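> Below: one structure in structure tokens.
Derivation of every value follows stated rules applied to the coordinates shown; laboratory data play no part. Not measured: the values here are computed from a predicted model. As a convention, Cβ positions derive from the backbone with ideal geometry for all residues, glycine included, and neighbour counts pool all protein chains shown.
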Amino acid sequence: MSTFNSADIASFKGGVWVFCEQRQGHMMPTSFELISEGRKLADELGEKLYGILLGHNIEGIAKELGGYGADGVYVCDHPLLENYTTDGYTKVICEVVEEYKPEVMLIGATNIGRDLGPRCAARLHTGLCADCTHLDIDVPKYKEFLRESSTLAPNLIDSIPEEDRNLKMTRPAFGGHLMATIICPRFRPAMATVRPGVMKKAAFDQAKADACEIIKPNFSLSESDMETQVVEVVKAAKKLVDLIGADVVVSVGRGISKDVDGGIKLAEELAEVLGGVVGASRAVVDSGWMTADHQVGQTGKTVHPRIYVALGISGAIQHKAGMQDSECIIAVNKNDTAPIFEVADYGICGDLFKVVPMLIESIKAAKAAK
Amino acid sequence: MKIIVCVKQVPDTSGKVAVNPDGTLNRASMATITNPDDLNAVEAALVLKEQTGAEVVVVSMGPPPAEGMLREIIARGVDRAVLVSGREFGGSDTYATSQILAAAINKIGLEDEDIVFCGRQAIDGDTAQVGPQIAEKLNIPQVSYAAEITKEGKTLTVKRMLEDGYMTIKVNTPCLITCIKELNAPRYMSVGGIFECYEKPYEVLDYEALKDDPLIDPTTIGLKGSPTNIFKSFTPPQKGAGMMLEGADKDTCEKLAGMLAAKHLI
């Protein structure tokens, strides 16, 4: 193996890498999102884009990554990699990274990615930025992003030096009150975990998938490397709500407190009429009224559906951070000064228990009239 | 047997947050709290203490006023507290922080039967990185997102939550576990605990106390030793307010439904 020194930046010519997470042989959707985003970064750097895929008997799902932009996939197949373990995955990834020296490494910020990323970054002695929502290499493109998405004064944006070639990793901090752009200037690879559902998946191209190169790197792994033992992997019996992929999300907040079951039922009915799913604010999840898979916001999921309906949600910044990019936001709240109205396209000040049944009828009628 | 719990004092981001004109956080104007997930880690340690008689040590990196938070955690039933504090440690990112906390844990002494507990993530940075990075620096296994923990001899069985279910994982001590709020309901301070919290051992570890550990090197701690730097920080713009509809009656709802239909949203 070549000698590894994370500070010898010039030696990192291995391109942009994406850790492509699979569970039980199924690619996680975020892998396709990150390959699509990684393609843009690789083009900005003038480098190649590779996936790195770990598991057992998973070579068959590798080439699909090419259809979203990967030039090649490093496939690490081993019986001990069948289920995710921190020990096994970290050892293999670090060995392959040390051999091929990627400049950038992206990992989906799933519960597994956020376990794996920090462990790898600590072993490789490099920087990792958590749960990113925006990535850039080119400064002109980054400046364009700041003009649209920040309140920075124009002169502060114009003065950013154009020659910076670091990966600029932007993420919310302090519950979404602040955004920070992080760089890793002295070590490689620059690593980021990226929030699922934020990056857009590219259109699939079968010809590119067929052309995708499969690379089988050398690595060593044995039982003695495994300090944790996976006894079982259990899928949730109840189907978890797919907030991220939903076209319409109807969320409930503390406003349902006077009749929790009734409020949730109304949200479910409205969601059904609109063809969507039910979400919740942190207050609702913390109170145990709905399970955590429903939570929208900085500590929950980021969604950008076509329609987002906020029922009885005041609109704390940590909630808004997870939904304000929705195409059309409708808010119903008793308090006309609730901050949710600041981001709503349409606001109704009223009691959700009275308004929602009427809204359901009106939407049914409007759909029938089409 | 010893259980070491890592905790952090954080600004309370659920309330009003003040931002300086240059895009940095005005920390001085904000209330501080113990990071919520860290209280679940403290509770997990206290439950194991009740079962095994283990000693529970709480450790935090922060400025001297964090003593107040540590005394409150002692009042919940913890045996002693260690504050890691020094100008040399300031400006550390997660990598540098984990080097320093790992050195502090080495100083406290991590033995064969010991466990380190952390909260999943702190609400100021939301990185969830320091726990796993401490584990790497201590060269011990980790299990993150723990929702259930049982201990039999040297073996912990942990229910590790995933987005679509969970894994059951067995791991031997010494190990590091990061805790989520589903794990338990943190207890309050006891009256007796409050009376005793200023009599229990409290220690401050500064740069001098830790500098002989190989993890403590000017190139791997503090602002200079942090692999990541802040390039820019800024506040996001508010999305422009839309239309407040008149009234909250049937006409209002019909009008809204009509507008959604006209925009082909329904």
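> Using DSSP, restrict attention to beta bridges with both residues in chain A and report what percent are antiparallel, rounded to the nearest 5.
Just about 20 percent of them are antiparallel.
> Hey, another quick one. What does the net charge come to around A:V278 if you take all other residues with beta carbon closer than 12 Å to its beta carbon, with K and R at +1 and D and E at -1?
Residues near A:V278 contribute -4 overall.
> Can you tell me the order of A:109-120, B:84-95 when each peptide is scored by its average per-residue count of other Cβ atoms within 10 angstrom, highest first?
Going by the mean number of other Cβ atoms within 10 Å, highest first, we get A:109-120, B:84-95.
> Another one. If you build a Gaussian network model of chain A, linking Cα atoms that sit under 10 Å apart, which residue out of A:M169, A:M179, A:M323 swings the most?
Looking only at A:M169, A:M179, A:M323, the biggest GNM fluctuation is shown by A:M179.
> For the stretch B:94-152, what does the relative contact order come out to in percent, with C-alpha contacts under 8 Å and a separation of six or more?
42 percent
> Out of all DSSP beta bridges in the protein assembly as shown, what portion is antiparallel? Express it as a percent rounded to 5.
The answer is about 35 percent antiparallel.
> Loop by DSSP (not H, G, I, E, B), at most 15 other beta-carbon atoms within 10 Å: where is the longest site-free stretch of chain A for chymotrypsin sites (Phe, Trp or Tyr not before Pro)?
Formally, the longest exposed-site-free interval is A:5-203.
> What residues qualify as long-range amide H neighbours of A:N166, i.e. H under 5 Å apart, gap of 5 or more or another chain, H built at 1.01 Å from N?
Those qualifying (amide H under 5 Å, at least 5 residues apart or on another chain) number zero.
> Now, a different point. Ranked highest first by average number of other Cβ atoms within 10 Å, how do B:73-81, A:245-253, B:43-51 line up?
My ranking of the peptides, most packed first, is A:245-253, B:73-81, B:43-51.
> Could you work out the helix-only [θ] at 222 nm for chain A, with each DSSP H run of four or more residues adding -39,500 (n - 2.57) and the total divided by the number of residues, to the nearest 500 deg cm²/dmol?
Rounded to the nearest 500, it is -9000 deg cm²/dmol.
> Would you work out which of B:G91, B:A257, B:A135 lies farthest towards the positive end of the dipole of chain B, given +1 charges on the beta-carbon of Lys and Arg and -1 on that of Asp and Glu, about the Cα centre?
Positive-end residue among those listed: B:A257.
> Using Cα pairs closer than 8 Å and at least 6 residues apart in sequence, work out the relative contact order for chain A, in percent.
Relative contact order, chain A: 15 percent.
> Which whole-number percent gives the relative contact order of chain B, counting Cα pairs below 8 Å spaced six or more residues apart?
Contact order relative to length: 24 percent.
> Which of rounded, prolate or oblate describes the stretch B:74-116 when judged by the alpha-carbon gyration tensor and an a/c cut-off of 1.5?
oblate
> Which of the three applies to the stretch A:50-93, rounded, prolate or oblate, going by the alpha-carbon gyration tensor with a ≥ b ≥ c and a/c under 1.5 meaning rounded?
Note, shape of the stretch A:50-93 comes out prolate.
> What size of dipole, in debye to the nearest 20, comes out for chain A about its Cα centre when the only charges are +1 on Lys and Arg C-beta atoms and -1 on Asp and Glu C-beta atoms?
In total the dipole reaches around 720 debye.
> Under 1.5 on a/c is rounded, so check that first for the stretch B:1-125, then, if it is not, pick prolate when a/b is larger than b/c and oblate when it is not; a ≥ b ≥ c are the square roots of the alpha carbon gyration tensor eigenvalues.
Prolate, because a/c is 1.5 or more and a/b exceeds b/c.
> How far is helix A:29-45 tilted, in degrees, relative to the longest principal axis of the Cα atoms in chain A, given as a value from 0 to 90 rounded to the nearest 10?
60 degrees
> Residue by residue, what Karplus-based ³J(HN,Hα) values in Hz, rounded to whole numbers, does the stretch B:117-125 have, using 6.51, -1.76 and 1.60 with θ = phi - 60° and x for Gly and Pro?
Calculated HN-Hα couplings, in order: 10, 10, x, 4, 7, 9, 6, 7, x Hz.
> Hey, how many Å between the Cα centroid of the stretch B:26-97 and the Cα centroid of the stretch A:66-94?
Here the answer is 36 Å between Cα centres.
> Something else now. Suppose we keep just the DSSP beta bridges with both residues in chain B; what percent of those would be antiparallel, to 5?
So the antiparallel bridges amount to about 40 percent of the total.
> Still on this structure, I have one more. Among A:H294, A:H125, A:H319, determine the one that fluctuates most according to a GNM of chain A built with springs between C-alpha atoms less than 10 Å apart.
Result for chain A, Cα springs under 10 Å: A:H125 fluctuates most.
> Roughly speaking, what is the centre-to-centre gap between the stretch A:250-296 and the stretch A:11-50 when only Cα atoms are used, to the nearest Å?
Centre-to-centre distance over Cα atoms comes out at 35 Å.
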